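See structure below.
Every number here is computed from the coordinates shown, using simple stated rules; none is lab data. No experiment lies behind these values; they were computed from the predicted model shown.
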Amino acid sequence: MLIGALDNGDNTHELNLTNPLEEHKQEEANAAAEDIKNFNNNNATSSSSSASKTKTGQKKSSSGTRSNTSRSFTPKGSFVVKAYGRYIKKKIFLNICCHPGVQRPMGSSGKEVEDDTQPHLARQIPLLIGLPRDMKDAKGIGSTAIDVIFNPWVTMKTEHNNMFKSQVVDLGKFYFDF
């Protein structure tokens, strides 16, 4: 929100006063948009065979343009649920994560929920599920890890509401036959 301007001779400086929560939302939205842009632009390939790799893991062609070589994003971890397979008799870790690129849940009105919405009012909760991957637990025993990614609103609400946390875990487990 623009509050005013100062005139320093030739330079004019704008004064902005912003709500820290709104600023944080904008930062999350910008980060998510950048991640999605990088993901979508990943199909772009360099026309030059003499592409060199930069320090950031991007390709730089002889024309100077860059394209991201990764087809992934990094979610923020929230909590882990340990389960045991009924049929495969193997330990399974559900990594409940969040990323602002995942859509916010929808309320009964069909609109995205607001920050102050109670979690029981979320009717549709979008999620992404990563491919199961083999790993070893702390004791060195083979197990499986699966990432379940929600919008940060969901994981924020699970921190203060155990019933909602249980429902989120059930939603993540729904897609797997343990």
Response to the item:
Subtracting the Cα-Cα distance of Gln103 and Asp137 from 0.36 nm times their residue separation yields 9.1 nm
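Two decimals, Cα atoms only, Kirkwood Rh: what is Rg/Rh over the range 76-173? Please list the in-between numbers first.
Numbers: Rg = 14.6 Å, Rh = 14.2 Å.
Value, to two decimals: 1.03.
Please compare each pair in Lys90/Lys165; Lys89/Lys139; Lys76/Lys111; Lys136/Lys165; Lys76/Lys139 to a cut-off of 19 Å on the Cα-Cα distance and tell me which ones are over it.
Correct reply: Lys90/Lys165; Lys76/Lys111; Lys136/Lys165; Lys76/Lys139.
Once the Cα gyration tensor of the range 116-178 is diagonalised, what are the square roots of 5 times its eigenvalues, in whole Å and ordered largest first, as equivalent ellipsoid semi-axes? All intermediate terms of the calculation are to be shown ahead of the outcome.
On the way: eigenvalues 139, 33, 21 Å².
Largest first, the range 116-178 gives 26, 13, 10 Å.
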